[in-house]
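Trainee: I'd like to ask you about the structure that follows.
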Amino acid sequence: MSTSERLIESTRELLWERGYVGTSPKAILERSGAGQGSMYHHFKGKPDLALAAIRRTAEEMRATAASVLDGPGTPYERIEAYLRRERDVLRGCPVGRLTMDPDVIASAELRAPVEETLHWLRGRIAALVDEGREQGQFDPALDGAEIAAAVVATVQGGYVLARASGSPAAFDAGVRGLLSLLAPRTP
């Protein structure tokens, strides 16, 4: 792995663990094993490196979600697969946690990849709900955008509840509850 890649990956991990303020250039260099001048050789500074790391995290989240949401099955089965996919629930969402970081939210540039990713995710889920409605699988009165917001809120809120309790049970309960509400209509 190149030095710039090690710096990006180390920054991604540290942002997830410590947030922006807690991710010092010194910690990045120690984690990456890069020399002192390396960060400034490859990046303009901490904000530039953090932006590269946040973009990478956002891209990875979109790819992971797309692999399930664009996979085989009915719209309900794909939403179910997204909700039940393997996650490190107690660690939280690497993108969602950035929304709790005041320094990320205060910076339009750092916030943009987070906002774009969550917008993309809601749009992709809304399209699945609309597809399921057209196929008669979901109640025609369901609003795709509202259901997508509920799905994303359930996942992000599930992370918070699981972390607060120290157990993935709260996350799992939220997923089961949402899936029971979304269960396909029977003729």
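Trainee: Are there helices (runs of 4 or more DSSP H) fully within the stretch 14-76 with at least 3 residues that are hydrophobic (A, V, I, L, M, F, W, C) and within 21 Å of Val89 (Cα to Cα)? List them.
Mentor: Numbers: elements: 25-32, 38-42, 46-69.
Ranges flagged: 46-69.
Trainee: I'd like the full set of residues that are small (Gly, Ala, Ser) and open to solvent by 50 Å² or more (accessible area, probe 1.4 Å), limited to the stretch 134-147.
Mentor: Listed by number, the residues that qualify are Ala141, Ala145.
Trainee: If the Cβ limit is 6 Å and pairs must be 6+ apart or interchain, which residue in the stretch 100-112 that is within 20 Å of Tyr159 (Cα to Cα) pairs with which residue that is of a type in the set (D, E, K, R) and open to solvent by 70 Å² or more (accessible area, probe 1.4 Å)?
Mentor: Correct list of pairs: Val104/Arg111; Ile105/Arg111.
Trainee: How about the stretch 84-130: which of its residues are of a type in the set (Asp, Glu), under 22 Å from Tyr20 (Cα atoms) and out of contact with any Phe, Trp or Tyr (no Cβ under 7 Å at 6 or more places or on another chain)? Lay out the reasoning, then the answer.
Mentor: Applying the first criterion (of a type in the set (Asp, Glu)) to the stretch 84-130 yields 86, 88, 101, 103, 109, 115-116, 130.
Add one more test, that the residue is under 22 Å from Tyr20 (Cα atoms), and what stays is 88, 101, 103, 109, 115-116.
Result: Asp88, Glu109, Glu115, Glu116.
Trainee: List, please: which pairs have Cβ atoms under 8 Å, are six or more places apart or on different chains, and start with a residue in the stretch 52-81 that is touching a residue at least 12 places away in the same chain (Cβ under 8 Å) and end with one that is of a type in the set (S, T, N, Q) and not in a helix (DSSP H, G or I)?
Mentor: That search, which allows pairs on different chains as well, returns Thr74/Gln135; Thr74/Gln137; Pro75/Gln135; Pro75/Gln137; Tyr76/Gln137.
Trainee: Same structure, new question: From Glu115, Glu86, Glu131, which residue is open to solvent by 50 Å² or more (accessible area, probe 1.4 Å), under 22 Å from Ser67 (Cα atoms) and outside any helix (DSSP H, G or I)?
Mentor: One residue alone meets the criteria, Glu86.
Trainee: When the stretch 134-150 is examined, which residues are found to be in a helix (DSSP H, G or I) and not β-branched (Val, Ile, Thr)?
Mentor: Glu134, Gly144, Ala145, Glu146, Ala148, Ala149, Ala150 - these are the residues of the stretch 134-150 that are in a helix (DSSP H, G or I) and not β-branched (Val, Ile, Thr).
The values are calculated or read from the model by the stated rules, or taken from the named source; none is laboratory data. Treat the numbers as computed from the prediction; the structure is a model and nothing was measured. A quick note on method: Cβ atoms are made from the backbone with ideal geometry, for glycine too, and the neighbour counts reach across all protein chains shown. Surface accessibility is based on the protein's heavy atoms, side chains included, excluding ligands, DNA and RNA. Shrake-Rupley method; radii C 1.70, N 1.55, O 1.52, S 1.80 Å.
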